[in-house]
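The values are calculated or read from the model by the stated rules, or taken from the named source; none is laboratory data. Computed from a prediction, not measured in an experiment: that's the story for all the values here. Here the Cβ positions follow ideal geometry from the backbone for every residue, glycine too, while neighbour counts run over all protein chains shown. For accessibility, only protein heavy atoms count, side chains too; no ligands or nucleic acids. Shrake-Rupley method; radii C 1.70, N 1.55, O 1.52, S 1.80 Å.
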Amino acid sequence: MKKYSVLSVLIISVIFVISTIPIASAGDDSKYSYIEVENITLELTKNTAEYNINYKIDDGIQILVVFLGKSDLKNKLCKIMNSDNCRFENVEMDNAIIIFDNPSIDNGDGSLWFPRKDLEVTVPEITVKTPRSTRNFIDASEIPGMGYFADALPQQN
């Protein structure tokens with residue numbers, strides 16, 4: 001009888017558990033696989049879109065993420081953002097910061113257009129910050145297209 005290492009048994013168990021988790025949980029639109037998105041804050045500048053995503057990972061999966069690394073977590077966060085090209089500034093067990101370069105169309109007059117961004121989940125609260133304004137969306141599965149200015153208003157003396 002062959003002896004199996006603890007690591008090989010753990011890896012097989014992890015593959016089995018992850019393969020049995022549905023991609024989108026029925027009845028909870030804010031959940032994608034084992035990640036439940038709580039809120040997103042998007043900061044738009046002239047050259048970047050910075051998404052600060054707060055989420056919860058299912059209790060049974062947290063230990064697997066700790067032991068096996070965050071590559072699957074990163075992959076699923078990219079899927080939630082409906083993107084194949086995410087640049088992560090930070091990934092923790094309850095928060096991630098994803099940066100996208102040049103997300104907006106520059107109109108050439110100091111104004112920009114951010115195209116609509118579809119998400120793979122319904123997010124309970126999305127906050128979009130630009131240099132001149134803040135907008136909030138509740139239970140949204142997209143960030144609507146919007147115009148904004150690249151620079152803050154000049155200070156009045």
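Some observations on this one:
- GluC sites (Glu not before Pro) restricted to DSSP loop in segment 51-157 with at most 12 other C-beta within 10 Å: Glu92
- Cα-derived Rg to Rh of segment 82-146, Kirkwood definition: 0.97
- Percent carbon-and-sulfur accessible area, segment 25-157, ignoring ligands, DNA and RNA, probe 1.4 Å: 42
- FRET efficiency, 1/(1 + (r/R0)^6) with R0 30 Å, evaluated for Phe88 and Ser133 via beta carbons: 0.65
- Distant-in-sequence amide H partners of Asn39 (H built 1.01 Å from N, under 5 Å): Asn54
- For the residues Ile138, Ile63, Ile35, a 1.4 Å probe over the protein chains yields an accessible-area ranking, largest first, of Ile138, Ile63, Ile35.
- Residue-count net charge about Tyr55 - beta-carbon cut-off 12 Å; Lys, Arg +1, Asp, Glu -1: -2
- Efficiency of FRET from Cβ geometry, Leu68 and Ser141, R₀ 35 Å, rounded to 0.05: 0.75
- Where labels lie 7 Å past Cα in the beta-carbon direction, separation of Asp118 and Asp151 in nm: 3.7
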